[in-house]
Amino acid sequence: MTAPEPLAFPADAAGWLVFATTRPDERIARVRRIDAQLIAGTGLSPLARLQLWNEASIAIAEAASEASLLSESHPDEAVRVAAEARVQAIDALLAERALDPDLFAVFAELEAPAGLSTPAGAADGDSTAAGVDHDNGLDADARRLLRRIVRDFRRGGVDKDDTARARLRLLADRDTELSLQFSRNIRDGRREVRVTPDELAGLPQDFIDAHPVDDEGLVTLTTEYTDVMPVREFATRAATRAKLMSVYNDLAWPANDPVLAELLAVRAERAELLGYGDWADYETETRMVGSSAAVREFLDGIADATREAAASEYDRLLTRLREDEPAAEAVTIADFWYLLSALKREQFAVDAQEVREYFRFDRVRDGVLEITGRLLDVAYVPVEAGAWHADVASYDVMRGDRRLGRVHLDLHPREGKYNHAACFGLAPGIAGRSLPEGVLLCNFSRGLLEHDQVVTFFHEFGHLVHGILGGADAVWADFSGIETEWDFVEAPSQLLEEWAWDAEVLATFAHNDQGEPIPADLVERMRVADAFGRALEVTRQLGHANVSYGLHVERPADLAAAVEHWYTEASPVRPLAGAHSYAGFGHLTGYGACYYTYQWSLVIARDLLSAFDRGLMDPDVATRYRERVLEPGGRRDAADLVADFLGRPYSFDAYRAWLAGA
Ligand SMILES: [Zn+2]
């Protein structure tokens, strides 16, 4: 097998425009040719059909990842705009293929009578082999792929009658429109309040300077993050916090009330037409959790596990609130961040200014490369790849003489670039065919980093190495790298965050300008401070998860009353009375009923971490983790990979201990 070559980037602006247009257009045309070949070629063997499908999947992955990356990162706006149009063209192609009955028939006719007609959650495991008579001469991975293809076509409703298919297409389009409308209303829903200068007590001077007093002697605060975050963390007067937070919690209300009501109705009808119990059953069919009932059970389990610790943290918050407001009867969500921040500063003596001196950007970057390289038995060799911007540092990921993949680190802010932190694919990994390439788009300073940015760096790097290691030996694009269950995909990244909290690991690279490593006792104080408020933060997340699940499954007539009830039930920290925070809950569109996902991945991450009980750099455990969890990508169910690594099925024990402050 020949070793695949990395991508060659264009040399100039004109070349990039071609790269962002002609290449994806050619891939889209190629997919159409492959589909026509599949539909026409009834004589094709089962394996030949899957191989053609794979060729189409590779072309789609290449086009989608290049276009999506360039639309978010290229310095030339014309390239970004052209790339974004290709992202949409690929989405349209996928929607069209999903409802194409002729394409579906190519695979459906191979389907074995046993093992494939049951919901995929039950049929998707390696243990559920198709009957011997019906294995089509395919190996286990190929049979898994076939089941996956048929399942996903069915999930779109391709096998329904013409009327139902037309209705499903309409509902899917309406879901997209309503989701865009919901997000747009949030983006455009900016609100303001006006306060007296006295009401800004506690806010940093640079904030006060940036908010001048108007002709009427008042100061305007908006619902932008740049106002909301400092006010909720630093304003010492509870009334100021409550004033801004109550308009913030009414963002996009009432505009989003009818939008959300219709979106929930559309999803319920889609689920019913497709034959699912509810929308959560539909969404979770392809995930580890497996069913709507299991989500409910999971959320109830978190409520039980947090109740005691959250109550005791709440008492400390209320006591601290009464130092400022002796008559206070309860801690509301408007007080939460202020009290947490005050207690961490006053009781745990963690000075963020002192901490950041140990995290100069270039030393952190080199440290992340060195630590993950040692952990995963790879070396990162700098290469001149000629990427899209001079800031981008490219590295070949090597093991011995073998190039496993290539990564590109684009880590500083600039005009027109994606403004959060995320890992993007650039090329899918296919053994002997396509070298996996991945990209980090982050916005770190070139000087000193905050510790939470160091945590973010490790987190995103977790996605990056998962894509490379899980792609280097992949055969099928649909199982390459991070193509695994959505509620598992955060776990390897959440696990790697832990390396940013380990005194021994940090001592290897977190040095101040005098060359002194970060003191172990400072790291210990940081860990203790981090643990305080953890149970309450989880109950806050639980509130969001209950709302996301409850709205989609219980479909209450009175949205506001139901949401207030779910938040009150989840956490002792009270929601603001009469608020409509669901109207501004942007994740309701993309996450649907499944906001539980992040906590679920965390359960898995804490369990994975428990295996590193003899130190985070234990080479035997690290090798086992790499070989059994990262390298297989999506070739097996995540639960099986985790069990293979741990030597037992995953459990909640480690997560519970972490909640209790361990
Ligand atoms: Zn992540």
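The helices (runs of 4 or more DSSP H) found wholly in the range 278-372 and carrying at least 2 residues that are modelled with pLDDT under 95 and in contact with a helix residue (DSSP H, G or I) (Cβ under 9 Å, 6 or more places away or on another chain) occupy 292-324, 333-348, 352-356. Criterion first (touching a His at 6+ places or on another chain (Cβ under 8 Å), part of a helix (DSSP H, G or I), within 16 Å of the ligand (Cβ to nearest atom) and of a type in the set (A, V, I, L, M, F, W, C)) does L496 satisfy it? So L496 passes the test. Could you pull out the residue among D102, D76 that is within 26 Å of V439 (Cα to Cα) and acidic (D, E)? Answer to the check: D76.
Scanning the range 554-575 for residues that are surrounded by fewer than 20 Cβ atoms within 10 Å (Cβ to Cβ) and among the hydrophobic types (A, V, I, L, M, F, W, C) returns A557, A560, A561, A562. Here T456 fulfils each of the conditions (1) more than 14 Å from the ligand (Cβ to nearest atom); (2) closer than 23 Å to E415 by Cα; (3) assigned to a helix (DSSP H, G or I) apart from (1).
When Y595 is tested against the conditions (1) within 19 Å of the chain's Cα centre (by Cα); (2) farther than 30 Å from R374 by Cβ; (3) modelled with pLDDT under 95, the lone failure is (3).
Listed by first and then second residue, the pairs linking a residue in the range 139-159 that is farther than 17 Å from E269 by Cα and of a type in the set (G, A, S) to a residue that is at pLDDT below 95 and not in a helix (DSSP H, G or I), with Cβ atoms under 9 Å apart and 6 or more places separating them unless they lie on different chains, are A140/D126; A140/A129; A142/N136. Considering only the range 597-644, state which residues are among the acidic types (D, E) and either closer than 30 Å to L145 by Cβ or not in a loop (DSSP other than H, G, I, E, B) (or both). Within the range 597-644, D607, D620, E627, E631, D637, D640, D644 meet the criteria. Taking the range 1-49 as the range and being assigned to a helix (DSSP H, G or I), more than 31 Å from the chain's Cα centre (by Cα) and free of Cβ contacts under 8 Å to residues at least 12 places away in the same chain as the test, the residues that pass are A14, G15, R33, A36, A40, A48.
Restricting attention to the range 443-453 and to residues that are in a loop (DSSP other than H, G, I, E, B) and crowded, with 20+ Cβ neighbours inside 10 Å, the residue that is farthest from the ligand (Cβ to nearest atom) turns out to be L449. Every condition in (1) at pLDDT below 95; (2) surrounded by 14 or more Cβ atoms within 10 Å (Cβ to Cβ) holds for Y225 except the one numbered (2).
The set of residues from the range 376-390 being surrounded by 18 or more Cβ atoms within 10 Å (Cβ to Cβ) and in contact with a strand residue (DSSP E or B) (Cβ under 7 Å, 6 or more places away or on another chain) comprises V378, Y380, A385, A387.
Looking at A639, A654, A583, just one residue is among the hydrophobic types (A, V, I, L, M, F, W, C), touching a residue at least 12 places away in the same chain (Cβ under 8 Å) and touching a Ser or Thr at 6+ places or on another chain (Cβ under 8 Å), and that residue is A654.
Of all the numbered requirements in (1) in contact with a helix residue (DSSP H, G or I) (Cβ under 9 Å, 6 or more places away or on another chain); (2) more than 16 Å from the ligand (Cβ to nearest atom); (3) not in a helix (DSSP H, G or I), Q514 misses one, and that requirement is (1). When residues in the range 410-440 are screened for being modelled with pLDDT under 95, away from the ligand (no atom under 12 Å from the Cβ) and in contact with a strand residue (DSSP E or B) (Cβ under 8 Å, 6 or more places away or on another chain), 2 of them pass.
Screening L576 against (1) touching a helix residue (DSSP H, G or I) at 6+ places or on another chain (Cβ under 7 Å); (2) closer than 25 Å to E297 by Cα leaves a single unmet condition, (2).
The set of residues from the range 391-405 being in contact (Cβ under 8 Å) with a residue 40 or more places away in the chain, surrounded by 15 or more Cβ atoms within 10 Å (Cβ to Cβ) and not β-branched (V, I, T) comprises D396, R403, L404, G405.
For the range 383-418, residues that are aliphatic (A, V, I, L, M) and part of a loop (DSSP other than H, G, I, E, B) total 5.
The values are calculated or read from the model by the stated rules, or taken from the named source; none is laboratory data. This is a predicted model, so every value here is computed, not measured. Methodologically, a virtual Cβ is constructed for each residue, glycine included, from the backbone with ideal geometry; neighbour enumeration extends over all protein chains shown.
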